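*Asks:* Please find one structure pasted underneath; my questions will follow.
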Amino acid sequence: MSKEKYKFFTEQKGVNHIKVFKASGNSYVNYWNFSLNGDSEPIIFEEFYTESRFALVNWDGWIRLYDADIKTTLVDHKLNGRINSRAVFSLDKSKLYVAYQKDSDNYLAMLNLQNYEIETLSLPHIYKENLEIRKDGCLLFYKHDWERIDDKKNYKHFYSVLNPETKKLDQFELQFAPQYSFDLFKPVIDIENNRVIMPLYDDVSNKKNALGEVVFEYRIAFFDLNTFDITHILSVRDFPTNQLRYYENTGEEMAEFFIGSDRNSDYKDMQREFLENLNTIKVVKDGIWLCWRGGIVRKINSDFTLSPLLVTNLMPNCLAAGLFSQGHFHSHLYLADNTNIVLTDGKYYQTTTPNLDVADSQSTIPLTLEVTNLDELYNLTYSEENLKEIKVRDCVHIKVKDLSTNQGIIDALARIETMASDLKAAGIGKIVLFTFSDAKENALQEPEFFAEAARVAPELVQTILEKLMDNNSVKYLYRNEEEAVFCHAVSELAKKGETYLDTIIKYLDAIEDPDYNEFIRENVIQYIEETCSVEVIKKKTKAFSPQLGEWYEYYREEYD
């Protein structure tokens, strides 16, 4: 197989950042980095459609196309949908389909990837966070729903099939609908074999194993993508009682319900908990890989035979060791082939794929996981210049003529004021982190800059904070993982006494719970208590917000 010319990866911090790599020998060299200014929302679709061109779509339906060869943006188009947009290429990758919701209505945007024209089709109420494509080019919309009959919820699930050329729409109801309403496992489409795969939402069956112990079968169902009839039900893992739940000694209650005949709400809750053990169904050329919570993996071969059960026995930095002892590990399968298995829970863990041909499906093979990352997995390399660029990519860099003068500080504050007045227009995401420099190559970091700013123009610092707090999103803004936005500006004003107390109290009420912000507690609160009496602070916080006043009361009780 020829090596891909480019790879790209999305990283989300303040906003989404894109790193593009170009193939070079056995590695990929960092070639182009850019940020999606103003977009900190999850990216739900990211794929190449030619050797060098790729598409990004976020969950609001913001579409962007890029060409890596010439490092340029081809399309930047907002559909202004809600958070459940989904996207898929046509089979020949000449079109990008994006399903989205706007003002409670459903739409399908069809973007021509040659001339960039967009056609929008209004959809009936068939779309809910799932869009796939079938081998014949028809689009598939999965939906799970319920209606109340005789004071009881009656669940159903179905696929709507849309021919994007003729606009013909058909609907097919499936057997075995999930018996709950949220966080459903998304069905997986196997295009080559023309089928859809999902957990079997039926009563949990049990049997006795070779030792005479009762075990509970995890089953998955295969549906034909033309008729949507079930073609195969496969038992893929046996759960003894002590594996039903994270804590071994809490599985007995669940086992009793599964063996019993009651099908009440408690049974359904436990059935759901059982089914949610499975986190990944991944289709590959020669079969299917499954991954459960706890770092437990199995392959289904093309002929429906099962590999041995691969069970994480040891993880890095984890004291617990032994088979089925990693219940805390909410593992998803990132990659699996004949060489490597990579699991993720946000971090990445790698192990060598054992020889699956030498053992039968009743065998258990222990896995030892080692920490890895995307750089190691794909042999990604960086120049020193690119590393420096990546390090400061979340910074808002402000450059003025001369930071050593009062006017230079005021000029920098004026630029910050403009930004704080309209964060959206400034392209600010969840992180607001400043660096400052001047034409003489002097540089200041935030703590030093705001110390100077509070000396030179404290009223302008106060104005900036007031404008910032007029923005409803201020609660979700941070300087970094440990500090709230503009905390150093507030800290400097707190040193100046009661003059700025009202603004500081307004700030404390606007940010996320100050009790979890160590900098606020150890700096801002201590500074205002050095310049204002505790009684004045209590009175003003309570008058501004009963919740903030209550928080400050608890804070004082803790430190008195």
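Here, each number is a calculation from the coordinates, and none is a lab measurement. Everything numeric here is computed off the predicted structure, so don't read it as measured data. We place every Cβ from the backbone using ideal geometry, glycine too, and count neighbours over all the protein chains shown.
*Asks:* Multiply the residue gap between E535 and D170 by 0.36 nm, knock off their C-alpha separation, and tell me the result in nm, one decimal place.
*Replies:* 124.5 nm
*Asks:* Taking the range 45-176 on its own, what percent of its Cα-Cα pair distances exceed 17 Å?
*Replies:* 60
*Asks:* Rg(Cα) of the range 1-123 divided by 2.2 N^0.38 Å?
*Replies:* 1.08
*Asks:* Right, another one. Label points 7 Å out from Cα along the Cβ direction at E553 and H332: separation in nm?
*Replies:* My value for the distance between the label points is 4.3 nm.
*Asks:* As a test of the formula, what do you get for the chain when each DSSP H run with n ≥ 4 contributes -39,500 (n - 2.57) and the sum is divided by the residue count, at 222 nm and rounded to the nearest 500 deg cm²/dmol?
*Replies:* For the chain, the value works out to -6500 deg cm²/dmol.
*Asks:* Rounded to whole Å and sorted largest first, list the principal axis extents of the Cα atoms in the range 394-559.
*Replies:* Projected onto its principal axes, the Cα set of the range 394-559 covers 50, 30, 23 Å.
*Asks:* Ok, one more. Return the FRET efficiency for the residue pair D145, D103: r is the Cβ-Cβ distance, R0 is 22 Å, and the value is rounded to the nearest 0.05.
*Replies:* Taking R0 as 22 Å, the efficiency between D145 and D103 is 0.60.
*Asks:* If a/c stays under 1.5 just call it rounded; otherwise compare a/b with b/c (prolate if a/b is bigger, oblate if not). Do that for the range 201-321, with a ≥ b ≥ c from the square roots of the Cα gyration tensor eigenvalues.
*Replies:* oblate
*Asks:* Still on this model: Based on the Cβ-Cβ distance from N163 to E252, what FRET efficiency comes out when R0 is 45 Å, to the nearest 0.05?
*Replies:* Result of the calculation: an efficiency of 0.30.
*Asks:* Further question: If each of A23 and V214 carries a label point 7 Å out from its Cα toward its Cβ, how far apart are those two points in nm?
*Replies:* Once both label points are built, they end up 5.6 nm from each other.
*Asks:* Something else now. Can you classify the range 396-435 as rounded, prolate or oblate using the Cα gyration tensor, where a ≥ b ≥ c are the square roots of its eigenvalues, rounded means a/c under 1.5, and otherwise it's prolate if a/b beats b/c and oblate if not?
*Replies:* prolate
*Asks:* Any lysines with Cα under 21 Å of the K167 Cα? List them, leaving off those in the same chain fewer than 8 positions away.
*Replies:* Filter leaves K93, K95, K102, K128, K135, K143.
*Asks:* Give me the percent relative contact order of the chain, please, defined on Cα pairs under 8 angstrom at least 6 residues apart.
*Replies:* Contact order relative to length: 7 percent.
*Asks:* Which lysines, if any, have their Cα less than 17 Å from the Cα of K347, not counting same-chain residues under 8 positions apart?
*Replies:* Filter leaves K13.
*Asks:* Run the numbers for D360 and K186: contour at 0.36 nm per residue of separation, minus the present Cα-Cα distance, in nm.
*Replies:* Residue separation times 0.36 nm, minus the Cα-Cα distance, leaves 59.7 nm.
*Asks:* In addition: For the range 32-87 and the range 311-326, compute the distance between their C-alpha centroids and round to whole Å.
*Replies:* With the range 32-87 and the range 311-326 each reduced to a Cα centre, they are spaced 38 Å.
*Asks:* Which lysines does K152 reach when only Cα atoms under 18 Å apart count, and residues fewer than 8 places away in its own chain are ignored?
*Replies:* Partners within reach: K268.
*Asks:* Let me ask you something else. If I model a spin label as a point 7 Å beyond the Cα along the Cα-Cβ vector, how far apart are those points for A426 and E481 in nm?
*Replies:* Here the modelled spin labels are 2.5 nm apart.
*Asks:* Quick one: pull the percentage of alpha-carbon pairs in the range 359-476 with a separation above 18 Å.
*Replies:* Of the Cα pairs, 64 percent sit more than 18 Å apart.
*Asks:* Scan the range 144-212 for trypsin sites (Lys or Arg not before Pro) in coil per DSSP, keeping those whose Cβ has at most 11 other Cβ atoms within 10 Å, and list them by number.
*Replies:* Listed in order of number, the matching sites are K167, K168.
*Asks:* Right, another one. Report, in cubic angstrom per residue, the convex hull volume of the C-alpha atoms of the chain.
*Replies:* 210
*Asks:* I'd like the FRET efficiency for K78 and R263, computed as 1/(1 + (r/R0)^6) with the beta carbon distance as r and R0 of 30 Å, rounded to 0.05.
*Replies:* 0.05
*Asks:* A follow-up question, please. On a 0 to 90 degree scale, rounded to 10, what angle separates helix 265-275 from the longest Cα axis of the chain?
*Replies:* Approximately 90 degrees, to the nearest ten.
*Asks:* Please compute the contact order of the range 311-400 in relative form: average sequence separation of alpha-carbon pairs under 8 Å and at least six residues apart, divided by the residue count, as a percent.
*Replies:* Across the range 311-400, relative contact order equals 24 percent.
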